[in-house]
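Single-structure report; data block below.
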Amino acid sequence: MSQLPDIAIPDDLLPHDGRFGCGPSKVRGDAVEMLAGSAGHFLGTSHRQAAVRFKVGELRNGLAELLSLPDGYEVLLGNGGSTAFWDAATLCLVEERSQHLVFGEFSSKFASATAAAPFLADPDVRSADPGGAPQAEAVDGVDAYCLTHNETSTGVAVAPVRPEGSGDALVLVDATSAAGGLRVDVGQTDAYYFAPQKCFASDGGLWIAACSPAAVERIGRLTSSERWVPAFLDLQIALDNSRQDQTYNTPSLATLFLAVEQVNWVLEHGGLEFAAGRCDASAATIYDWADAHELATPFVSDPDLRSHVVATIDVDDSVDAPVLAAVLRDNGLVDVEPYRKLGRNQLRVALFPAIDPEDVAALTRCVDHVLERLV
Ligand SMILES: *Cc1c(COP(=O)(O)O)cnc(C)c1O
């Protein structure tokens, strides 16, 4: 990309905010201002004292409301992001054998974690090619079904449903890029886990999990069994701390603060339905645009599988998508490069609730402007 075409997008086409990345993703300016305003008595204070514990409590209660948690579900949190939660779940939630639906990079990583665990049987892995989604199927001996609500690497979303005939097996759902943006019935799941740098418009480093009483029971049993569990990944320790609105070790206070700002913003505007409605509007805009454009096509061919929080758009081979993304970046529209390992000539665009649907419309007009000058 030595000679990037010099294409200046006119100001009146540009979005108000040019951040369209899938994580870390756009943080609302209002939330950052609130953080700056509270900094003097919040940032740089002890996470064991009331101000931060109150914030953790606000986050746990706000999420319970936003996700309409069924009675008995508890919100746990700890450090390390969703990636750490995969290891914690391998140790503290999978008893003997898990089943994994693998349809992209993120879903494959949890399957690799359980496959590598010497104390577990080899997982039952059901795969689909990128752009599709496999089906769960109840299997004797599987005690944890591992689903992904939104596969961020491919832009495929599947609402989590407890597999028929799965009995008292647990349903563990990676909702990292879905939670807070896609509608969900958390009662279909036993651990609905995520990190706050996607739909929750905060920063990374934290994992958060809404856990059912059955999951809490499993955690208690496995962590008191003979299996060795490092304290950092011990979900019973995380649960004990969470119940006191604390974390096992020091969290990022800014991450907590911004996550609470986003939860409150969504709740003040009507809750998950408001957030999902914004994502629906953005999704309609970008998929309709791609369907109508002769140089663009939604990568996910089945409209029912197309994610309303992460859109993947294939670009005609006559256009070099990395050059297109670089020109956009040059104009302040950032992070629409495709997921690196998918290796397709495409753009990937986050449609998270914090991203204004008007800005998604503006992005399509900017892409039009650049395409007209690139081909
Ligand atoms: C981003 C993402 C992850 C990884 O989250 P980290 O907090 O970076 O560990 C896992 N799963 C999905 C579906 C994601 O989108």
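The values are calculated or read from the model by the stated rules, or taken from the named source; none is laboratory data. From a predicted model like this one, the values you see are computed outputs, not experimental measurements. Every residue, glycine as well, gets a Cβ built from its backbone with ideal geometry; the counts of neighbours run over all protein chains shown. Keep in mind that these areas ignore ligands, DNA and RNA; they rest on the heavy atoms of the full protein, side chains included. Shrake-Rupley method; radii C 1.70, N 1.55, O 1.52, S 1.80 Å.
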task: Report yes if some residue within the stretch 213-225 is buried (at least 24 other Cβ atoms within 10 Å of the Cβ), part of a loop (DSSP other than H, G, I, E, B), touching a strand residue (DSSP E or B) at 6+ places or on another chain (Cβ under 7 Å) and assigned by TED's automatic domain parsing to the domain that holds Ala88; otherwise report no.
output: no
- request: Please find, within the stretch 193-212, the residue that is nearest to the ligand (Cβ to nearest atom) out of those that are surrounded by fewer than 21 Cβ atoms within 10 Å (Cβ to Cβ) and closer than 14 Å to Val260 by Cα.
  value: Gly204
query: Is there a residue in the stretch 93-102 that is more than 28 Å from Thr255 (Cα to Cα) and in contact with a His (Cβ under 8 Å, 6 or more places away or on another chain)?
result: no
statement: Those residues of the stretch 178-189 that are open to solvent by 10 Å² or more (accessible area, probe 1.4 Å) and either outside any helix (DSSP H, G or I) or within 16 Å of the ligand (Cβ to nearest atom) (or both) come to a total of 4
message: Quick check on my filter: what residues within the stretch 137-162 are of a type in the set (Val, Ile, Thr) and either at positive phi or not in a strand (DSSP E or B) (or both)?
response: Val139, Val142, Thr152, Thr154, Val158, Val161
message: Take Pro5 and tell me if it is within 16 Å of the ligand (Cβ to nearest atom) and in contact (Cβ under 8 Å) with a residue 12 or more places away in the chain.
response: no
